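> Okay, handing you the structure first.
The values are calculated or read from the model by the stated rules, or taken from the named source; none is laboratory data. Note that the structure is a prediction, hence the values are computed from the model and not measured. Because the Cβ atoms are built from the backbone with ideal geometry, glycine has one as well, and the counts that use them run over all protein chains shown. Heads up: the accessible areas ignore ligands, DNA and RNA and are worked out on the full protein's heavy atoms, side chains in. Shrake-Rupley method; radii C 1.70, N 1.55, O 1.52, S 1.80 Å.
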Amino acid sequence: MGLFDMFTQEIAMDLGTANTLIIHNNKIIIDQPSIVSIDRTTGKPIAVGEQAKLMQGKTHENIKAVRPLKDGVIADFHASEHMIKEFIKQIPGIKGRFIQPALRIVICIPSGITEVEKRAVKDSALKVNAKEVKLIYEPMAAAIGAGIDVQNPEGNMIVDIGGGTTEIAVIALGGIVCDRSLKIAGDVFTNDIAYFLRSYYNLYVGERTAERIKIEIGSALEELDYPLEDIPVQGRDMITGKPKEIMVNYKEIFKALDKSLMRIEDAVMETLSLTPPELAADIYKTGIYLAGGGALLHGLADRIHKKTGLPVCVAEDPLRAVVRGTGIALKNINKFSFLMSN
C-alpha cells in the first residue's frame, strides 16, 4: 500500500449543476462553472469553466456550450468526462507530471439519485485515472461543511439549495434520517426570472442575464429590511425585435420566484412532519441550516423562519459548504462510515 500511497493524490469534488469545486491538499483549487464548450466538427473540448461560460449563449454553429449536469446528475456523459479531465489537469500537484498520479476521489451526489445515475458519476471519475472513488450524499457534505458534528446523537436539519436540486435532510448519528430531494433550485429560479421578463415586459433575456438579476436583486420576500437598488436589464424586445433596456425592481423578482420558493417551503414542512419526535425536539433547539448558492437569496432565511417558526442560520460561505464538507470527509475517509465505496 505504501508505494501506491506515494503516487496517489487525494481530491474532493463537488460536481455541481452550476459550479464544480475541487479541493486538493485542503485548499479549494478549482471553483468554476460546470460548462464545456465543444467543437462540433472534431468533438474536442475548446474551453471549460469560466472561459466556456463567457461563450454561453453567444456560440455559432461550430461551437456548442454544454452544461453536462442537469438536476444534479450527469446528463451528457462525454461532456462531463471532458470537463472533469480538464479540471483535474489544472490542479497544481497533478499538472505537468510525467507519470499521471493515481487519484483517490470523494464526490458528492444528490440524495434522490438512482443507481444508474450513481454509476455514471463513478464511471466518469474512473475514466480520469481514479483508483478509488467514494460517494457522499450532498446534504451530508453540506452539513459537515456548515460545521455540524454529524456523528452526534442530535438531530440537525440542513437545506442545501444548489443549482439543479434542493436537498433537505435531517441528520443524526452520521446518517440521514429523513430527506427530500427536489428539482427546484437555482436553475429554476433563473428560468422563472427569464419567463417573468418575457411575459410582463416582452423582453427576451438570456440565461446569463437572468442569473445576474437573480444574484443582484433576487428576493424571497416582498418587503426586505434593506431596500435593493433597481437594476438595468438589457435584452431583445419581442415585439419590435430591437435590443432594449428596462429597469427592474426586487419586488418584481419576488413575484417571479414566489411559486418556486413555496414549493421549497412545502418540502421543508413535509420533511419536518416526517421527523421522529426526539429529533424534532433537537431541531427546535438547533434550528435549520441553509447551504448552497440558493442560501444567498435575499430574505430567504427570514422567509423560512416565518414559515417554520424555527431559528434559521446560513452556513458561512454557503456556496462552498458542500465541497468543504466533502474535503473533511476525504481527510477522515476511514473514520466516516457513511461514505459509499465502489
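> Of all the stretches in the chain, which is the longest one without any exposed loop site, taking GluC sites (Glu not before Pro) in a DSSP loop (any state but H, G, I, E, B) with at most 13 other Cβ atoms within 10 Å?
Details: sites that count: 61, 222, 223, 229, 316.
For GluC sites (Glu not before Pro) (loop position, at most 13 other Cβ atoms within 10 Å), the longest site-free span of the chain is 62-221.
> In the range 31-174, with Lys and Arg counted as +1 and Asp and Glu as -1 at Cβ, which of these residues, 109, 133, 55, has the Cα nearest the positive end of the dipole, that is, farthest along it?
55
> Just 17, 114, 271 to compare: in a GNM of the chain, with alpha carbon springs under 10 Å, which one fluctuates most?
With Cα springs under 10 Å in the chain, the top fluctuation among 17, 114, 271 is at 114.
> Now for a separate question. Between the range 268-287 and the range 19-72, what is the C-alpha centre distance in whole Å?
Each part reduced to its Cα centre gives a spacing of 39 Å.
> If you take the square roots of the eigenvalues of the alpha-carbon gyration tensor of the range 94-156 and sort them as a ≥ b ≥ c, do you get rounded (a/c under 1.5), prolate (a/b over b/c) or oblate?
On the way: a/c = 3.53, a/b = 1.70, b/c = 2.08.
Oblate is the answer for the range 94-156, as a/c is 1.5 or above yet b/c matches or exceeds a/b.
> OK, next. Under a cut-off of 27 Å between alpha-carbon atoms, report the lysines in cross-link reach of residue 306, not counting same-chain residues fewer than 8 places apart.
Cross-link targets: 183, 214, 251, 255, 259, 285.
> Given the options 124, 332, 284, identify the residue whose Cα lies farthest towards the positive end of the charge dipole of the chain (+1 on Cβ of Lys, Arg; -1 on Cβ of Asp, Glu).
124
> Okay, helix-only estimate at 222 nm for the chain: each DSSP H run of n ≥ 4 adds -39500 (n - 2.57), divide by all residues, round to 500 deg cm²/dmol; what do you get? List each step's numbers first, then the result.
On the way: 11 runs with 127 residues, N = 342.
My calculation for the chain gives -11500 deg cm²/dmol from helical runs alone.
> Separate question: With +1 on each Lys and Arg Cβ and -1 on each Asp and Glu Cβ, how big is the dipole of the chain about its Cα centre, in debye rounded to the nearest 20? Walk me through the numbers on the way to the answer.
On the way: 40 positive and 43 negative charges, 252 e Å.
It comes to approximately 1200 debye.
> Then there is this: Of the accessible area of the range 57-195, with the probe set at 1.4 angstrom, what percent is carbon plus sulfur?
Values: 2850 of 5580 Å².
For the range 57-195, the apolar C and S fraction of the accessible surface comes to 51 percent.
> Between 224, 261, 15, find the one with the highest GNM mean-square fluctuation for the chain; connect C-alpha pairs within less than 10 Å.
224
> Rounded, prolate or oblate: which fits the chain when a ≥ b ≥ c are the square roots of the eigenvalues of the alpha-carbon gyration tensor, with rounded for a/c under 1.5 and prolate only if a/b beats b/c? Before the final figure, lay out each step's value.
On the way: a/c = 2.25, a/b = 1.11, b/c = 2.02.
Here the chain falls in the oblate category.
> Then there is this: If I ignore ligands, DNA and RNA and count only protein heavy atoms, how much of residue 150 is accessible to a 1.4 Å probe, in Å² to the nearest 10?
Residue 150 has an accessible surface of roughly 10 Å² with all protein chains in place.
> Choose one answer from 236, 180, 67: the residue with the largest mean-square fluctuation in a GNM of the chain with alpha-carbon springs under 10 Å.
236
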